[in-house]
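Engineer: Here's a structure for you.
Just so it is clear, none of the values below were taken in a lab; they were calculated from the coordinates. Keep in mind the model is a prediction, meaning the values are calculated, not measured. In this analysis, Cβ positions are derived from the backbone assuming ideal geometry, glycine residues included, and neighbour counts consider all displayed protein chains.
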């Protein structure tokens, strides 16, 4: 492989065999039609999975590990459906094209097959939220967890004679970020 085909820059201290492994991975991504410049994000998903899998080796991973890791990832507040799909595709290329794992062909239903698993659909609905596009899960969790702080903050905003829309906007913003209190309370 010549350098014109691969613009991957090895990490500082990366061993040569590790560098060759990731170059092969990037080639597999390109064969699958991943756009140039996006490869590093796919590699990052794989690196995070490998770190999560430790102390076991990558070749010891099974479909259940992939499913569990994707479910853990879905539980993170910053994980959009697009990110889950990207991570799933990253691992699919890793296990099918680079490692050639027997269990990965066909890609196991229950990770992201047709039909999609229920937990992904639920996560996607949570991300879309209600008609206003706001996430539902975060709001429910924040309302339950920070009920007294939110009420105290709303009272403080009302005392300072802020409009109802300001109060509504502030509460919605803080629920999306996961904070339940403000600087005045």
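Engineer: Would you mind calculating the gained length between residue 152 and residue 68 on full extension (0.36 nm times residue separation, minus the Cα-Cα distance), in nm to one decimal?
Structural biologist: Gain on stretching residue 152 to residue 68: 26.4 nm.
Engineer: At 0.36 nm per residue, minus the direct Cα-Cα distance, what do residue 14 and residue 41 gain on full extension? Give it in nm, one decimal, please.
Structural biologist: My answer for the length gained is 8.0 nm.
Engineer: Further question on the same structure: What FRET efficiency comes out for residue 168 versus residue 83 if R0 is 45 angstrom and r is the Cβ-Cβ distance? Round to the nearest 0.05.
Structural biologist: Efficiency computed from Cβ-Cβ geometry: 0.95.
Engineer: Can you pull the one-decimal nm distance between simple spin-label points at residue 159 and residue 24, each 7 Å off the Cα toward Cβ?
Structural biologist: Label-label distance for residue 159 and residue 24, simple model: 6.6 nm.
Engineer: Let me ask you something else. Along Cα→Cβ, 7 Å out, is where each label goes; now give me the distance between the ones at residue 102 and residue 52 in nm to one decimal.
Structural biologist: Placing both labels 7 Å beyond Cα along the Cβ direction yields 2.6 nm.
Engineer: Cα centroids of the stretch 3-55 and the stretch 66-103: how far apart, whole angstrom?
Structural biologist: 15 Å
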